[in-house]
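Student: One structure, as structure tokens, below. Some questions next.
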Amino acid sequence: MATLSLSSSSPLCKPKFSSTTLVSGIDFIPFSPRPSLSSSTISPATVYLSVKQNRHRNSLQVKSVASPTETVSEFDEMVSGTKRKYYMLGGKGGVGKTSCAASLAVRFANNGHPTLVVSTDPAHSLSDSFAQDLTGGMLVPVEGPDSPLFALEINPEKAREEFRSASQMNGGTTEVKDFMDGMGLGMLVEQLGELKLGELLDTPPPGLDEAIAISKVIQFLESPEYNMFTRIVFDTAPTGHTLRLLSLPDFLDASIGKILKLRQKITSATSAIKSVFGKEDNQPDAAEKLERLRERMVKVRELFRDTESTEFVIVTIPTVMAVSESSRLSASLKKESVPVKRLVVNQILPPSSSDCKFCSIKRKDQMRALDMIREDSELSGLTLMEAPLVDMEIRGVPALRFLGDIIWK
């Protein structure tokens with residue numbers, strides 16, 4: 001087997017900060033940069049991150065890799081321009097979405113783009129990919145790339161808590177219900193039970209945690225002090241969550257409709273009763289909070305559908321099951337008007353010159369799966385990008401740089 005040695009010079013990002021800012025449950029570190037960026041890619045006037053650069057050399061050795069039989073890539077298009085762009089990487093679980101997303105983020109950073117990579121996957125795989133602790137819901141500088149690269153892992157449980165909080169009625173509801181029952185208004189209490197709002201809203205729908213996480217990142221990025229990022233890469237949760245989050249605004253419309261129906265029936269009664277208890281009705285009720293949440297979900301869906309600034313990249317592996325799921329995902333995304341241009345096929349085996357029967361059979365199976373892609377009505381029109389199977393784990397910036405140079409050409 002051939003030996004491939006890669007060297008990389010990598011700056012160590014150490015932003016200066018004086019305080020930590022909490023934004024919608026996520027902590028972000030204010031920073032003020034002096035990056036050394038190419039004037040042809042990012043204007044220094046638009047960058048607010050100060051970075052200390054300590055050069056060190058890392059060596060990565062890979063004994064063997066699979067050589068893709070075909071490589072069709074348009075990375076020049078992906079990296080061109082300073083307008084902010086979002087890349088969503090998604091697909092079936094276990095196909096290597098995180099490695100591909102992390103390698104793309106490193107590739108962008110090494111091509112002059114201040115980059116943010118975000119994971120909404122509860123498995124914390126992004127920390128493993130960068131070999132760096134990224135947990136805690138804070139923006140963390142990644143050590144190594146030539147331009148600023150930050151990573152963020154979002155805890156989905158916090159998103160679920162936010163939904164439960166938003167779906168709860170105002171304080172004092174139990175007292176109000178007891179008082180209404182004593183006043184002979186028990187019918188309204190029964191109607192409250194018939195609506196089953198607790199059952200409806202206690203458990204967040206699949207995909208909501210990811211949608212809330214993405215919406216928080218959007219809110220954060222709209223802040224002027226963080227407009228330095230020109231490339232944002234999302235490592236999304238498995239296929240089902242991605243598809244369901246696109247239908248969330250409709251789900252919340254139905255939920256809010258039920259709450260509004262209840263609200264119309266008891267608003268006048270509860271206002272009078274709350275005044276008896278001396279409770280001021282100055283807090284936003286469940287309908288108002290859910291409406292704001294619904295607006296954020298609509299914004300996420302609009303971002304997914306924005307052909308000017310967003311692209312969804314499907315990641316798969318060369319197996320019949322994975323290709324079939326990718327085909328369905330592509331069809332569903334197109335139905336939702338989500339722009340899809342590229343398909344990454346990961347973990348491709350090299351041609352085997354040995355007598356390894358398993359390798360030979362596996363290779364033939366993979367070639368059949370690749371033929372399926374080329375003949376599939378949903379996938380054949382996408383740019384095919386092949387990623388090799390290597391004989392080592394892809395961990396750390398040098399390894400991610402190596403992988404990114406192969407995939408994102």
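Student: For the range 210-229, what are the residues that are outside any helix (DSSP H, G or I) and of a type in the set (Asp, Glu)?
Tutor: The first filter runs over the range 210-229 and keeps only residues outside any helix (DSSP H, G or I), leaving 222-223, 227-229.
Within the range 210-229, GLU222 is the sole residue that qualifies.
Student: Taking SER380 as the residue in question, decide whether it is closer than 14 Å to GLY91 by Cα, surrounded by fewer than 21 Cβ atoms within 10 Å (Cβ to Cβ) and modelled with pLDDT of 95 or more.
Tutor: no
Student: Taking SER337 and the conditions (1) surrounded by fewer than 20 Cβ atoms within 10 Å (Cβ to Cβ); (2) touching a Ser or Thr at 6+ places or on another chain (Cβ under 7 Å), which numbered condition does it fall short on, given that it satisfies the others?
Tutor: Condition not satisfied by SER337: (2).
Student: Further, regarding this structure: For the range 347-371, give me the residue count where each residue is within 23 Å of ILE406 (Cα to Cα) and under 36 Å from the mean Cα position of the chain (by Cα).
Tutor: Going through the range 347-371, the residues within 23 Å of ILE406 (Cα to Cα) turn out to be 347-353, 359, 362-371.
If we keep only those that are under 36 Å from the mean Cα position of the chain (by Cα) as well, we get 347-351, 359, 362-371.
Final tally of qualifying residues: 16.
Student: I would also like to ask the following. If only one of GLY257, GLY207, GLY184, GLY240 is of a type in the set (Gly, Ala, Ser), modelled with pLDDT of 60 or more and on the phi > 0 side of the Ramachandran plot, which one is it? Write out each step before concluding.
Tutor: Details: GLY257 fails: on the phi > 0 side of the Ramachandran plot; GLY184 fails: modelled with pLDDT of 60 or more; GLY240 fails: on the phi > 0 side of the Ramachandran plot.
Checking each option against the conditions leaves just GLY207.
Student: Now for a separate question. Would it be correct to say that SER337 is polar (S, T, N, Q) and either modelled with pLDDT of 95 or more or under 19 Å from the mean Cα position of the chain (by Cα) (or both)? If you could, list the steps in order and put the result at the bottom.
Tutor: On the way: polar (S, T, N, Q): yes; either modelled with pLDDT of 95 or more or under 19 Å from the mean Cα position of the chain (by Cα) (or both): yes.
Taking the combined requirement at face value, the residue satisfies it.
Student: Which ones in the range 320-340 are among the polar types (S, T, N, Q) and over 30 Å from LYS364 (Cα atoms)? Working first, answer last.
Tutor: Step one: list which residues in the range 320-340 are among the polar types (S, T, N, Q), which gives 324, 326-327, 330, 332, 337.
SER337 - this is the single residue of the range 320-340 that is among the polar types (S, T, N, Q) and over 30 Å from LYS364 (Cα atoms).
Student: Which condition does PRO351 not pass, out of (1) touching a residue at least 12 places away in the same chain (Cβ under 8 Å); (2) within 30 Å of LEU221 (Cα to Cα), if it passes all the others?
Tutor: It is condition (2) that PRO351 fails.
Student: Same structure, new question: With the condition being in contact with a Lys or Arg (Cβ under 7 Å, 6 or more places away or on another chain) and under 25 Å from ILE232 (Cβ atoms), I'd like the strands (runs of 3 or more DSSP E) fully within the range 306-390 carrying at least 3 qualifying residues. Talk me through it step by step, then tell me what you get.
Tutor: Values: elements: 310-316, 340-348, 383-388.
In the range 306-390, the matching strands (runs of 3 or more DSSP E) lie at 310-316.
Student: Tally the residues that are at pLDDT below 85 and surrounded by fewer than 21 Cβ atoms within 10 Å (Cβ to Cβ), restricting the search to the range 103-145.
Tutor: Here is the first cut: in the range 103-145, the residues at pLDDT below 85 are 120-124, 135-138.
Filter once more, so that each one left must be surrounded by fewer than 21 Cβ atoms within 10 Å (Cβ to Cβ): 122-124, 135-138.
Count: 7.
The values are calculated or read from the model by the stated rules, or taken from the named source; none is laboratory data. Here the structure is a predicted model, which is why all the values come from computation and not from measurement. Because the Cβ atoms are built from the backbone with ideal geometry, glycine has one as well, and the counts that use them run over all protein chains shown.
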